[in-house]
Amino acid sequence: MVDKIGNILAKDYGLDRPVEQKSFYVKGAEHCDWGMKDRLARIFDPKSGRTVMLAFDHGYIMGPTAGLERLDLAIPPLAPYADVLMATRGAIKSCVPPTFNKAIALRCTTDTSVLHEDLSYGHVGVDVEDAIRLNASCIVVQTFVGSKNEVGSFKNLSDMINAGNRYGIPVMGVTAVGKEMERTKRYFQLATRILAELGAQVIKTYYCEGFEEVTAACPVPIVIAGGKKTPEKEVLEMAYNAIRDGAAGVDMGRNIFQSENPAAMLRAVRAVVHENASAEEAYDLFLSLK
Ligand code: R5P
């Protein structure tokens with residue numbers, strides 16, 4: 001119980017130190033609520049302003065992808081080097097110990113499997129209450145800009161943004177690229193800008209030529225996916241170029257967990273993202289660690 005008598009008199013009001021007014025460092029998030037900012041600060045490192053997300057949600061459309069045959073074996077050695085674990089609720093609940101205490105980017109859309117003739121159909125499969133129960137720092141929604149189901153995927157995104165805004169959870173809009181979709185600056189500018197204007201607080205897309213004009217035209221942070229497995233040196237070059245061109249980090253999967261040494265590769269990517277290492281320095285780090 002609070003005492004009424006015998007208390008030390010309050011006297012240190014720091015009268016010579018005015019309250020510091022700081023702006024929030026995450027692009028486009030200045031006017032978000034405290035809880036939203038707190039979650040964004042779990043995603044984007046306050047020192048570098050960037051993030052390394054480890055994506056291992058591939059099983060939700062591809063089944064047991066190479067490198068992710070056993071999530072319980074693949075993820076624990078990598079988790080210490082990731083800022084964010086990006087996955088499905090099934091993977092997180094069954095294979096990610098809550099003691100890792102990492103920021104979670106929770107995939108909340110259910111999309112068609114790789115066996116389906118049209119990969120652009122999806123719906124919201126995870127309600128926001130389950131995202132809260134999982135202590136998600138971010139909700140992830142797939143969109144298919146330019147596909148037959150474009151509007152349906154925009155509705156999924158808007159629904160989750162409305163739900164996320166109610167509870168202070170940012171939404172990461174993903175620009176999926178289908179077989180028939182372009183991978184040009186023009187396409188990625190259009191797609192990322194649309195998702196940001198719909199209200200997504202973070203966008204995930206792919207790196208392309210002229211990427212600095214994609215990030216410049218997008219009012220919120222962009223992270224890049226890694227794409228199909230390519231040689232480590234090339235991936236580190238892509239990561240370096242993306243950061244140089246204004247990306248706020250990576251959300252990388254196959255080029256990490258399918259690397260000949262996933263932990264070394266993740267640490268090398270980390271050096272590029274957080275320590276401004278060049279691609280050559282990061283590749284040397286990879287070679288020395290592997
Ligand atoms: C895309 O939506 C997938 O679910 C992956 O999360 C994403 O493509 C990142 O993984 P990767 O670096 O393997 O492309």
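Laid out as a table, the results:
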item: The chain, helix-only ellipticity at 222 nm - DSSP H runs n ≥ 4, -39,500 (n - 2.57), divided by all residues, nearest 500; result: -11000 deg cm²/dmol
item: For Gln201, distant residues with modelled amide H under 5 Å away; result: Val171, Gly173
item: The stretch 1-50 and the stretch 242-257: distance between their alpha carbon centers, rounded to Å; result: 30 Å
item: Global form of the stretch 30-129, assessed from the alpha-carbon gyration tensor, a/c cut-off 1.5; result: oblate
item: The stretch 34-289 shape via C-alpha gyration tensor axes, a/c threshold 1.5; result: rounded
item: Hypothetical label at Gln21: residues of the stretch 37-56 whose amide nitrogen lies under 18 Å (7 Å Cα-Cβ projection); result: none
item: Note, ³J(HN,Hα) from phi for the stretch 64-72, Karplus 6.51, -1.76, 1.60, rounded to Hz, x at Gly and Pro; result: x, 4, 4, x, 10, 4, 10, 4, 5
item: Among Val202, Val19, Val84: highest mean-square fluctuation, GNM of the chain, C-alpha pairs under 10 Å; result: Val19
item: Folded to 0 to 90 degrees: helix 232-244 orientation relative to the chain principal axis, Cα; result: 50 degrees
item: Cα shape, the stretch 247-288, gyration tensor, a/c 1.5 rule; result: oblate
item: Cα-centre dipole for the chain with unit charges at Cβ (Lys and Arg positive, Asp and Glu negative), debye to 20; result: 400 debye
item: Segment Ser278-Ala217, extension gain: residue separation times 0.36 nm, minus the distance between their alpha carbons; result: 19.4 nm
item: Residues Ser158, Ser153, sorted so that the one with the fewest Cβ neighbours within 10 Å comes first; result: Ser158, Ser153
item: Helix axis angle, 34-43 relative to the chain longest principal axis, alpha carbon, degrees; result: 50 degrees
item: Net dipole in debye of the stretch 100-206 [+1 Lys, Arg Cβ; -1 Asp, Glu Cβ; about Cα centre; nearest 20]; result: 400 debye
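Every number in this text was worked out from the coordinates using simple rules, so none of it is lab data. Quantities reported herein were computed from a predicted structural model and do not represent experimental measurements. Cβ sites come from the backbone with ideal geometry, for glycine too, and all protein chains shown count toward neighbours.
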